[in-house]
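The values are calculated or read from the model by the stated rules, or taken from the named source; none is laboratory data. Keep in mind it's a predicted model, so treat the numbers as computed, not measured. Using ideal geometry, Cβ is built from the backbone for each residue, glycine included, and neighbour counts are taken over all protein chains shown. Heads up: the accessible areas ignore ligands, DNA and RNA and are worked out on the full protein's heavy atoms, side chains in. Shrake-Rupley method; radii C 1.70, N 1.55, O 1.52, S 1.80 Å.
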Amino acid sequence: MAAATPLLKDELDIVIPTIRNLDFLEMWRPFFQPYHLIIVQDGDPSKIIKVPEGFDYELYNRNDINRILGPKASCISFKDSACRCFGYMVSKKKYIYTIDDDCFVAKDPSGKDINALEQHIKNLLCPSTPHFFNTLYDPYRDGADFVRGYPFSMREGAPTAVSHGLWLNIPDYDAPTQLVKPHERNTRYVDAVMTIPKGTLFPMCGMNLAFDRDLIGPAMYFGLMGDGQPIGRYDDMWAGWCTKVICDHLGLGIKTGLPYIWHSKASNPFVNLKKEYNGIFWQEEIIPFFQAATLSKECTTVQQCYLELSKQVKEKLSKIDPYFTKLGDAMVTWIEAWDELNPTGDNLAKLSIADGPAKTKK
């Protein structure tokens, strides 16, 4: 019998930010090899990144980012995994899966390797339930359904924009929690997928994440982090808060839970504390800002929503620190760059094909 064609083989890109050789792909080969990879190399662009044989990939380093975006490259972070969002921008596929290079294949409780990508795709291809919580979690999964009392008028659900996966072994903790629990490991495998309710924010982790680029792509900006910035390790958080506000406004859903990956190594908590220090204070004001944020009914596209949010960031968060003025401007630059690389209608003819990556391999 012929092997089944991998789900969405020609409609999904895998985006990986890295500063090192991608030996970890060997473990993922059975699941990732049929797909196209976009590798965003951070740090020194003269360093050669080795990719195992047999993968179809394109690799972009900082020189490529500067060449392709010109002055707008200022919106892409340097020396921080936030640079991954450049890969979202240059992709031409409907779906994105992004994973960190220290994330390995996890095993389910029966000892079977988990195909994380396949589960993400299943999450994205069936609806979400952001407007009414189902106590059996995802009603669209095999063996589950809508419980008694769930309104029939709401059972069609909402389109799913984001699938947020979890991690076994090293949990995604902030530096203070790492410092007080240095030996804590996550061994709990919870066999559940749930929709995050409308009006509820969540901390989005970018190391095992999939999304529908057509539905929400322009909101997946990982901010200004790392080199030259007063904050780090809040890149995915920022994208998650913006994305959730916009999904709530546009009637889209976000799921969290399965699939798990095996997070192999803990980052240094002292280095993390230095990066997170400002964010730990700032988030106490950032979160209420996003909780109260509303978008006008004139905002009907992700870009319009994001630009309106950028204005509110500058108006309401700049009092915390001038950084937020810069971030608000970068959010606008990001949308301008996104629209240049992803033109619609009349702009399509103006797209230059000369701006490809430095290295591609079939």
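A few notes on this one:
- Odd one out for Tyr60, checked against (1) over 16 Å from the mean Cα position of the chain (by Cα); (2) closer than 23 Å to Val162 by Cβ; (3) in contact (Cβ under 8 Å) with a residue 60 or more places away in the chain: (2)
- Condition met for Gly43 (within 22 Å of Met89 (Cβ to Cβ), part of a loop (DSSP other than H, G, I, E, B) and open to solvent by less than 80 Å² (accessible area, probe 1.4 Å)): yes
- Ile48 meets each of the listed conditions (1) in contact (Cβ under 8 Å) with a residue 40 or more places away in the chain; (2) over 25 Å from Tyr189 (Cβ atoms); (3) aliphatic (A, V, I, L, M) apart from (1).
- Condition check for Ile76: under 13 Å from Asp13 (Cα atoms) and not small (Gly, Ala, Ser): no
- Only a single criterion out of (1) open to solvent by 60 Å² or more (accessible area, probe 1.4 Å); (2) hydrophobic (A, V, I, L, M, F, W, C); (3) assigned to a loop (DSSP other than H, G, I, E, B) is not satisfied by Phe146, namely (1).
- All positions within region 227-264 that are closer than 21 Å to Glu156 by Cα and of a type outside the set (Gly, Ala, Ser): Lys244, Ile246, Cys247, Asp248, His249, Leu250, Leu252, Ile254, Lys255, Thr256
- Of the residues making up region 182-204, those that are touching a strand residue (DSSP E or B) at 6+ places or on another chain (Cβ under 7 Å), assigned to a loop (DSSP other than H, G, I, E, B) and open to solvent by less than 60 Å² (accessible area, probe 1.4 Å) are Ala192, Ile196, Phe202, Met204.
- For Asn169, the criteria (1) open to solvent by less than 20 Å² (accessible area, probe 1.4 Å); (2) more than 27 Å from Val245 (Cα to Cα); (3) of a type in the set (S, T, N, Q) hold in every case but one, which is (1).
- Residue list for region 297-348, filter: of a type in the set (Ser, Thr, Tyr), in a helix (DSSP H, G or I) and open to solvent by less than 40 Å² (accessible area, probe 1.4 Å): Tyr306, Ser310, Tyr323, Thr333
- Residue that is of a type outside the set (Gly, Ala, Ser), under 18 Å from the mean Cα position of the chain (by Cα) and closer than 23 Å to Thr333 by Cβ, where the choices are Cys103, Cys85: Cys85
- Restricting Gly223, Gly253 to those that are within 18 Å of Ser163 (Cα to Cα), open to solvent by less than 10 Å² (accessible area, probe 1.4 Å), at pLDDT 95 or above and not hydrophobic (A, V, I, L, M, F, W, C) reduces the list to Gly253.
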